[in-house]
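Colleague: To start, I am sharing the structure in question, which I have written as C-alpha cells.
The values are calculated or read from the model by the stated rules, or taken from the named source; none is laboratory data. Because the structure is predicted, anything quoted here is derived from the model rather than measured. So basically every Cβ, Gly included, is an ideal-geometry build from the backbone, and we count neighbours across all protein chains shown.
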Amino acid sequence: MRVSLVSVKPMTRLRRRSNLIRLTISCLFCLVTLASSPARGEWGFDATGGFAYDDNLSNGFEAVDRKADTAAVVDLSAGLYEPIGGSSTLGLSLLAHGDAYFHYTGLDNVGLGARAQLRTKFGLGPRAPWLVIAAQGMYHDYQYRYQDGWQYEAGATLGTQLNERWLLRGFTRYDAYVASQTQPPLIPGMVGSPYDVYGWNLGAQTTFLATGVDRLSLSYTWRTGTVTSVTQPDAEILEYSDRAAPDPVFGSGGIAYRINANTQTIGIGWSHTLGQRTAVDFLYAYRWSQPQSDLGQYYANLISLTFTYSY
Amino acid sequence: MAALGRYLTLLACLVSASGAQAAKISALIFGADAKPLPNAVVVAVPEEGHPPPIGKVVEVVDQIDKEFVPYVKPIRAGSYVQFPNKDNIRHHVYSFSPAKIFELPLYKGTPSQPVLFDKPGVIKLGCNIHDWMIGYLYVAETPYFGKTAGDGRVDLDELPAGRYQVRVWHPRMEGSEDATVTRVDLEEATPAVVEWTLKLNPEYRPQRTPLPGEPGYR
C-alpha cells in the first residue's frame, strides 16, 4: 500500500487564538459569577508544577518510532465547593494546563476548561466511604495545530480510608478527545482525524501513609478504546488503523494513526508533605497497550516530579 | 545540648517553685529525644477530701484556618465548650469518643448552645469536611490540671496540702495514662517537682494536599 502525504490548509492561527480567548473570557465570567453568588461554599485553589518525562511520547511500536522527551508541566485549578445538605458537596472549578517540551515543541500546548463534581460522604469521620461523580472538559491549543481539540472526561470514584494509614479508591471513567480539525484523507476511505480517541477506564489506587508526612501510592488502570500512535509510513500498520494523517511533530514524514487497543498502566508514587499546603510528588508509571489486532505491544515509561500548592 | 537544656529547665523550675508562697506542683515533660514536650496534660487528683464544686464554666475551642485551636484543651468535668468557627467556610464538628459523642452539623460562626462535657475522659474532635482537622479535649475529674507549654513545663498552682496522685497524658503517648501515676505529698508552701519522659507514637493524619490529578478532600 502506497502512502502519500497531502498538504492541507489549516485553521488559521488567528482563528485558533480567538477561540482560546473566547474560552478564557467565558471561564473568567463563570469565575466572577461564582464569586458574586450568594453561595457560602469553600474556595479551593490547587497549583501543580514540575517536570514529566515520557520515553515513548509518540506511542511508537518500532524502536525507531519511539520518541522520548521531557516537558515542564503546569496545572491550575480554582473552584467553589458548596455543601449540599450534611453529606454532599457540589464543586465547580476552572482548570488550566500547560506543557512545554524541551525537544518536540509541536506538543507544547495550553489548555483551559472546567470541571463539575458531586462528592457524597456516607457517614461521619475520615473512615466514612465517599463517592465522587465528576465531569470535565478542556480545550487544548497545541503548537502543532491539528492536535487542537476538546478533551472530555466523566466518571465516578469510590473511596474509603481503611485505617489511619491506608486509603483505597476505585474508579471508572470515560475519556474522549475530539480534535477541532479533520485533515483530508491520507488514503482514500480513511478519515483524517487520528487524534480523535475515546476509551473506558477502570482502576484502583491505594495510598499508604508511611510516615506522618510521606504517602506511598500504588495504582492500576485498565483502559479499552482507541489510541494514537506516530510512525514512519508503514503500510502494514496502516492496514490496522481506521484513521491516519500526516504528523510532523517527531520529524518530517511521520504519520499519526489510530488503532483500537487495551491499555494498562501501573504506577507507584511518593508524596512528601512539606507544609500544611505544599507537597512534592514523584511518580513512576509503566504503560503498555495491546492492540486489538495482530500488532505487537506498545509500552512507555513515565516519570514525573512535581510540586503542589493547595489552598 | 538537649540534656543541658533539660537541666536548665529543671533548675529554673526549682528556683521558681522555691520562691512560691502557695503549694504547687511543677511538672516537666520530655519526649524520648529529651526535647520538651508541649500539649501534655498533667492532672493532680487529691487522695482525700472533695474538690470544690464547679460553677458554669464555658471554655472555647476555635476553628482557625481549618485547624482546631488549641490542639489540646484540658477542661474540668462539668464544663461547657463553645466551638466558634472563625473560618469563612463551614465546619462539621463531631466526636465518636465514649466520654462524649456529639455532632455539630455544618455551621458558620458560633453555635447557639455550648456543649456540656460532664464525663471525664479524652475526647477526640474531628471535622467531617476537613478530615485532617483533629483536636483533643481532656476532661479531668479534678480542678487541678494544666497543659505544658513549648518548654514542656506546667505549674499547678494553689493546691491545698495533701496527698495527690499525679499523672500525665499526651495525644501521642505510648502506653496508658494510668502507667504514669505518681504519688506526691504536698505540704503548705512546699512545692514539688515531677518529671516524665514519654515515648511518642507517630501521628498519622489525612493529608491536606491532594495527590497530583486528585481533587483531594473536596
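Colleague: Among the residues in region A:214-235, are any within 11 Å of chain B (Cβ to nearest Cβ) and among the small types (Gly, Ala, Ser)?
Modeller: yes
Colleague: Shifting gears a bit: Restricting to region B:162-187, count the residues that are in contact (Cβ under 8 Å) with a residue 12 or more places away in the chain, more than 16 Å from B:Pro120 (Cα to Cα) and among the hydrophobic types (A, V, I, L, M, F, W, C).
Modeller: 4
Colleague: Starting from residues that are modelled with pLDDT of 95 or more and surrounded by fewer than 21 Cβ atoms within 10 Å (Cβ to Cβ), keep the ones in region B:86-95 and report whichever is farthest from the other protein chains (Cβ to nearest Cβ).
Modeller: Our first condition is that a residue be modelled with pLDDT of 95 or more; within region B:86-95, this holds for B:86, B:93-95.
Next, from what is left, pick out any that are surrounded by fewer than 21 Cβ atoms within 10 Å (Cβ to Cβ): B:86, B:94.
Working: B:Lys86: 14, B:Tyr94: 5 Å.
Per the criteria, the residue is B:Lys86.
Colleague: For the condition touching a strand residue (DSSP E or B) at 6+ places or on another chain (Cβ under 8 Å) and crowded, with 21+ Cβ neighbours inside 10 Å, what is the one hit in B:Leu104, B:Leu137?
Modeller: Answer to the check: B:Leu137.
Colleague: State yes or no: is A:Arg127 facing chain B (nearest Cβ under 10 Å), basic (Lys, Arg) and in a strand (DSSP E or B)? I'd like the intermediate steps shown before the answer.
Modeller: Numbers: facing chain B (nearest Cβ under 10 Å): yes; basic (Lys, Arg): yes; in a strand (DSSP E or B): no.
No; evaluated as a whole, the condition is false for this residue.
Colleague: Quick one: count up the residues across region A:71-113 that are free of Cβ contacts under 8 Å to residues at least 60 places away in the same chain and not in a strand (DSSP E or B).
Modeller: Going through region A:71-113 one residue at a time, the tally reaches 7.
Colleague: Continuing with this model, one more query. Could you please give the count of residues in region A:171-209 that are among the aromatic types (Phe, Trp, Tyr) and assigned to a loop (DSSP other than H, G, I, E, B)?
Modeller: Keep residues of region A:171-209 that are among the aromatic types (Phe, Trp, Tyr), which gives A:171, A:174, A:177, A:195, A:198, A:200, A:208.
Checking the rest, the ones that are also assigned to a loop (DSSP other than H, G, I, E, B) come to A:195.
Adding up the residues that qualify gives 1.
Colleague: With respect to the numbered conditions (1) crowded, with 18+ Cβ neighbours inside 10 Å; (2) within 13 Å of chain B (Cβ to nearest Cβ); (3) polar (S, T, N, Q), which one is the sole condition not fulfilled by A:Thr206?
Modeller: The failed condition is (1).
Colleague: For region B:143-161, enumerate the residues that are part of a loop (DSSP other than H, G, I, E, B) and either within 23 Å of B:Thr197 (Cα to Cα) or in contact with a helix residue (DSSP H, G or I) (Cβ under 8 Å, 6 or more places away or on another chain) (or both).
Modeller: Taking region B:143-161 first, the residues part of a loop (DSSP other than H, G, I, E, B) are B:143-144, B:148-152, B:157-161.
Once the filter is applied, which keeps residues that are part of a loop (DSSP other than H, G, I, E, B) and either within 23 Å of B:Thr197 (Cα to Cα) or in contact with a helix residue (DSSP H, G or I) (Cβ under 8 Å, 6 or more places away or on another chain) (or both), region B:143-161 yields B:Tyr144, B:Thr148, B:Ala149, B:Gly150, B:Asp151, B:Gly152, B:Asp157.
Colleague: Also, quick follow-up: Condition check: among the β-branched types (Val, Ile, Thr), surrounded by fewer than 16 Cβ atoms within 10 Å (Cβ to Cβ) and touching a residue at least 60 places away in the same chain (Cβ under 8 Å). Does B:Ile29 satisfy that?
Modeller: Numbers: among the β-branched types (Val, Ile, Thr): yes; surrounded by fewer than 16 Cβ atoms within 10 Å (Cβ to Cβ): no; touching a residue at least 60 places away in the same chain (Cβ under 8 Å): yes.
Criteria not met by B:Ile29.
Colleague: Might you check whether a residue that is more than 11 Å from chain A (Cβ to nearest Cβ), on the phi > 0 side of the Ramachandran plot and either crowded, with 18+ Cβ neighbours inside 10 Å or not in a loop (DSSP other than H, G, I, E, B) (or both) occurs anywhere in region B:35-48?
Modeller: So in region B:35-48, the residues more than 11 Å from chain A (Cβ to nearest Cβ) come out as B:35-48.
Going one step further and asking which of them are on the phi > 0 side of the Ramachandran plot, we end up with B:39.
Those left that are additionally either crowded, with 18+ Cβ neighbours inside 10 Å or not in a loop (DSSP other than H, G, I, E, B) (or both): B:39.
Yes: region B:35-48 contains one or more residues that are more than 11 Å from chain A (Cβ to nearest Cβ), on the phi > 0 side of the Ramachandran plot and either crowded, with 18+ Cβ neighbours inside 10 Å or not in a loop (DSSP other than H, G, I, E, B) (or both).
Colleague: Sticking with this one: Output yes when any residue across region A:279-290 is within 14 Å of another protein chain (Cβ to nearest Cβ), out of contact with any Pro (no Cβ under 9 Å at 6 or more places or on another chain) and closer than 30 Å to B:Phe68 by Cα, and no when none is. Talk me through it step by step, then tell me what you get.
Modeller: Taking region A:279-290 as the starting set, the residues that turn out to be within 14 Å of another protein chain (Cβ to nearest Cβ) are A:279-285.
Among the residues that remain, those that are also out of contact with any Pro (no Cβ under 9 Å at 6 or more places or on another chain) are: A:280, A:282, A:284-285.
If we keep only those that are closer than 30 Å to B:Phe68 by Cα as well, we get A:280.
Within region A:279-290, one or more residues are within 14 Å of another protein chain (Cβ to nearest Cβ), out of contact with any Pro (no Cβ under 9 Å at 6 or more places or on another chain) and closer than 30 Å to B:Phe68 by Cα.
Colleague: Let me ask something additional. Do we have B:Pro171 as in a loop (DSSP other than H, G, I, E, B), modelled with pLDDT of 95 or more and within 14 Å of chain A (Cβ to nearest Cβ) here?
Modeller: Numbers: in a loop (DSSP other than H, G, I, E, B): yes; modelled with pLDDT of 95 or more: yes; within 14 Å of chain A (Cβ to nearest Cβ): yes.
Judged against the criteria, B:Pro171 is a match.
Colleague: Kindly indicate whether B:Gly216 is under 30 Å from A:Leu118 (Cβ atoms), assigned to a loop (DSSP other than H, G, I, E, B), within 14 Å of chain A (Cβ to nearest Cβ) and of a type in the set (Gly, Ala, Ser).
Modeller: Numbers: under 30 Å from A:Leu118 (Cβ atoms): yes; assigned to a loop (DSSP other than H, G, I, E, B): yes; within 14 Å of chain A (Cβ to nearest Cβ): yes; of a type in the set (Gly, Ala, Ser): yes.
So B:Gly216 passes the test.
Colleague: Exactly one of these conditions fails for B:Arg205: (1) without any contact (Cβ under 8 Å) to a residue 60 or more places away in the chain; (2) closer than 21 Å to B:Ile64 by Cα. Give me its number.
Modeller: B:Arg205 satisfies all of (1) without any contact (Cβ under 8 Å) to a residue 60 or more places away in the chain; (2) closer than 21 Å to B:Ile64 by Cα except (1).
Colleague: Ok, one more. Provide a single number: the residues in region B:97-140 that are within 14 Å of chain A (Cβ to nearest Cβ) and over 21 Å from B:Asn39 (Cβ atoms).
Modeller: Final tally of qualifying residues: 11.
Colleague: Here's another thing I want to ask about it. Residues A:Ala235, A:Ala256, A:Ala244, A:Ala285: which one is over 30 Å from A:Gly79 (Cβ atoms) and within 20 Å of the chain's Cα centre (by Cα)?
Modeller: A:Ala256
Colleague: Under the condition of being surrounded by 18 or more Cβ atoms within 10 Å (Cβ to Cβ) and among the charged types (D, E, K, R), which residue from region A:70-99 is farthest from the other protein chains (Cβ to nearest Cβ)?
Modeller: Looking at the filtered set, the residue picked out is A:Asp99.
Colleague: Please specify each residue of region B:180-211 satisfying the condition of being within 14 Å of chain A (Cβ to nearest Cβ) and farther than 15 Å from A:Leu167 by Cβ.
Modeller: Pass one, region B:180-211, residues within 14 Å of chain A (Cβ to nearest Cβ): B:200-211.
Result: B:Leu200, B:Asn201, B:Pro202, B:Glu203.
Colleague: With respect to the numbered conditions (1) closer than 20 Å to A:Ser271 by Cβ; (2) modelled with pLDDT under 90; (3) acidic (Asp, Glu), which one is the sole condition not fulfilled by A:Glu62?
Modeller: Failing condition for A:Glu62: (1).
Colleague: Considering every residue within region A:233-246, establish whether at least one is charged (D, E, K, R) and in contact with a Leu (Cβ under 7 Å, 6 or more places away or on another chain).
Modeller: Filtering region A:233-246 down to residues charged (D, E, K, R) leaves A:234, A:236, A:239, A:242-243.
Next, only the ones that are in contact with a Leu (Cβ under 7 Å, 6 or more places away or on another chain) stay: none.
No, there is no match, as no residue in region A:233-246 is charged (D, E, K, R) and in contact with a Leu (Cβ under 7 Å, 6 or more places away or on another chain).
Colleague: Got at least one residue in region A:247-267 being within 14 Å of chain B (Cβ to nearest Cβ) and touching a residue at least 24 places away in the same chain (Cβ under 8 Å)?
Modeller: Scanning region A:247-267 turns up at least one residue that is within 14 Å of chain B (Cβ to nearest Cβ) and touching a residue at least 24 places away in the same chain (Cβ under 8 Å).
Colleague: Every residue in region A:61-111 that is within 21 Å of A:Thr231 (Cβ to Cβ), touching a Phe, Trp or Tyr at 6+ places or on another chain (Cβ under 9 Å) and small (Gly, Ala, Ser), please.
Modeller: Residues satisfying the conditions are A:Ala68, A:Gly106.
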